[in-house]
Amino acid sequence: MFRIQNIRFFLLVLLLVLTAFTYLPVFSNVVTTGEGSNPLNRYVVLAAILCFLFYFDYRSWMKNRLIVIFIICIFLAGIIGVMLAQMDVTKRYQTAAGELLIAFLGLAIGYSSKLSIKQLITIVIIYSSSVAIVTYQQLMQHAGGFIISDLYFSYGKNTMGVMCAVSCVSLIISSLNVDNKYMRFFMRALYLFILVLCISIRARASFLVIFLLTFFCIYKQMKHRRITMGSVSWVVFGGLFIVGVLFVFPQLFYSISDYIIDSFTRNHEGDITAGRERGWRIGVSVISNNPLFGNMVVKRQYDFLSIHNYFLRILSEFGIVGSLPFMILYLRLVFLTIRKSVKLPINIENVGFFTTIVLLIISLEEPTFPFSPGTGVIMSFILLGNSLRINERCSHVKMYQLQYT
């Protein structure tokens, strides 16, 4: 049993590392130069299948409401896909249904993994380090350094931004629950490094999400008095030191502010939305013309990936009828993660709820998240599955204590 557990954990770590390393320039350049598909994709699929088989636990999955809803929605999407078999929209619908399947894969693996606190921290550090290495390599090859330019690379920038955001949120929550001061320092240093990388690749939404969730986590910790006065003193001292340095060297302040501002304003046209409002208008127009079936019965075809909002894209592309399974899951995730993140304490056991919020916020301005691409979302759904299992176990223990004490 001990050996099987080790094999399972090794496969899980391997899967997460491979999903990050698919964005190494040596592999991603194969795609951007048109020489073929990413060479690591086949190994990612193999690792995911092996992980799923080693963690397969159908009976325990059926005890969790979210997993059951996932299974029902996947079957519902399959039935609707069969009904649409004679329509041109079938291939796009199959792709959307496949995205649900990938997310379910991660959720099921995470729920069955039964990771310990030590294992959770281990995969957070390994995954975040892998994301940092990959993003740094992309910057060095395509930008030549930490320079905000108009365009760095065209392969997976937004996905890498989400991976950076998931890593940062995982790191800051983990660091708040680690007693070893050296480990805590390393995790926060890695957090800051990935944050700089996130700004440099111009993943603007991810950068804002990191700040939003970081301050939310710190606020909750202070509210529940989980942050000591010593920690607060160090933060205040560090802030005053940084302000003092910037005051003495004002040019450094202007360089940093320009660096951040350039990340948001290099589009020059539609800086805040980067022209996304045009896609939103298309989506609203399609829905208003045919709310039940959307573009499935509209003769004029649109590039729906240009509609940078998952809810709006799916609804306008497939209508209320076709998008029903996707909307059920999306809204379920929204209500679940918001309720849990507000109610539960900030600790490593609940990190999955907060990393899923990253995907949901990004979905407001991206067309594929929260369910794809798999390389960008698999970590969040694995953590979500593990958090669901721990949360359920704690609830059962509380009920037992109420009944027998």
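The values are calculated or read from the model by the stated rules, or taken from the named source; none is laboratory data. None of the values given here were measured: they were computed from a predicted structure. Methodologically, a virtual Cβ is constructed for each residue, glycine included, from the backbone with ideal geometry; neighbour enumeration extends over all protein chains shown. Protein only, heavy atoms only, side chains kept; ligands, DNA and RNA dropped before computing areas. Shrake-Rupley method; radii C 1.70, N 1.55, O 1.52, S 1.80 Å.
Return a yes/no flag: does region 80-88 have any residue that is among the charged types (D, E, K, R) and either in contact (Cβ under 8 Å) with a residue 60 or more places away in the chain or crowded, with 22+ Cβ neighbours inside 10 Å (or both).
Taking region 80-88 as the starting set, the residues that turn out to be among the charged types (D, E, K, R) are 88.
From the residues that got through so far, the ones that are either in contact (Cβ under 8 Å) with a residue 60 or more places away in the chain or crowded, with 22+ Cβ neighbours inside 10 Å (or both) too are none.
No: zero hits.
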Which of the numbered conditions does residue 59 fail, given that it passes all the others? Conditions: (1) closer than 29 Å to residue 134 by Cβ; (2) open to solvent by 80 Å² or more (accessible area, probe 1.4 Å). (1)
Starting from region 276-295, take each residue that is part of a helix (DSSP H, G or I) and list its partners that are surrounded by 13 or more Cβ atoms within 10 Å (Cβ to Cβ) and among the acidic types (Asp, Glu), counting only C-beta distances under 8 angstrom and pairs at least six apart or across chains. 276/365; 286/317; 294/317; 295/317
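Residue-by-condition table, conditions (1) closer than 30 Å to residue 119 by Cα; (2) open to solvent by 10 Å² or more (accessible area, probe 1.4 Å); (3) part of a helix (DSSP H, G or I):
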{"position": "308", "(1), (2), (3)": "no, yes, no"}
{"position": "319", "(1), (2), (3)": "no, no, yes"}
{"position": "328", "(1), (2), (3)": "no, yes, yes"}
{"position": "340", "(1), (2), (3)": "yes, yes, yes"}
{"position": "360", "(1), (2), (3)": "yes, yes, yes"}
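Name every residue in region 24-75 that is among the aliphatic types (A, V, I, L, M), over 30 Å from residue 389 (Cβ atoms) and under 22 Å from the mean Cα position of the chain (by Cα), in order of residue number. Steps first, answer last, please.
Taking region 24-75 and keeping what is among the aliphatic types (A, V, I, L, M), we get 24, 26, 30-31, 40, 44-50, 53, 62, 66-69, 71-72, 74.
Next cut, over 30 Å from residue 389 (Cβ atoms) only: 24, 26, 30-31.
Listed by number, the list holds a single entry, 24.
Which residue, of 26, 17, 68, is within 18 Å of residue 131 (Cβ to Cβ), modelled with pLDDT of 90 or more, β-branched (Val, Ile, Thr) and part of a helix (DSSP H, G or I)?
Working: 26 fails: modelled with pLDDT of 90 or more; 68 fails: within 18 Å of residue 131 (Cβ to Cβ).
Step by step, each of 26, 17, 68 is checked, and only 17 is within 18 Å of residue 131 (Cβ to Cβ), modelled with pLDDT of 90 or more, β-branched (Val, Ile, Thr) and part of a helix (DSSP H, G or I).
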Only one of 55, 111 is within 20 Å of residue 4 (Cβ to Cβ) and in contact with a Phe, Trp or Tyr (Cβ under 8 Å, 6 or more places away or on another chain), namely 111
Does any residue in region 320-333 that is more than 15 Å from residue 291 (Cα to Cα) come within less than 6 Å, Cβ to Cβ, of a residue that is part of a helix (DSSP H, G or I) and open to solvent by 20 Å² or more (accessible area, probe 1.4 Å) six or more places away or on a different chain, and which pairs are these? 325/76; 332/69
Show me the helices (runs of 4 or more DSSP H) entirely contained within region 96-213 in which 1 or more residues are modelled with pLDDT of 90 or more and under 28 Å from residue 317 (Cα atoms). 157-175
Out of region 29-52, which residues are open to solvent by 70 Å² or more (accessible area, probe 1.4 Å) and part of a loop (DSSP other than H, G, I, E, B)? 33, 35, 37
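Could you check, for region 373-380, whether at least one of its residues is in a helix (DSSP H, G or I) and over 28 Å from residue 49 (Cα atoms)?
Here is the first cut: in region 373-380, the ones in a helix (DSSP H, G or I) are 374-380.
Those left that are additionally over 28 Å from residue 49 (Cα atoms): none.
Looking through region 373-380, none of the residues is in a helix (DSSP H, G or I) and over 28 Å from residue 49 (Cα atoms).
Quick one: count up the residues across region 341-365 that are of a type in the set (D, E, K, R) and in contact with a Leu (Cβ under 9 Å, 6 or more places away or on another chain).
Filtering region 341-365 for residues of a type in the set (D, E, K, R) gives 343, 349, 365.
If we keep only those that are in contact with a Leu (Cβ under 9 Å, 6 or more places away or on another chain) as well, we get 349.
Qualifying residue count, region 341-365: 1.
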Check on residue 289, of a type in the set (S, T, N, Q), open to solvent by 80 Å² or more (accessible area, probe 1.4 Å) and either at pLDDT below 90 or under 21 Å from the mean Cα position of the chain (by Cα) (or both): yes
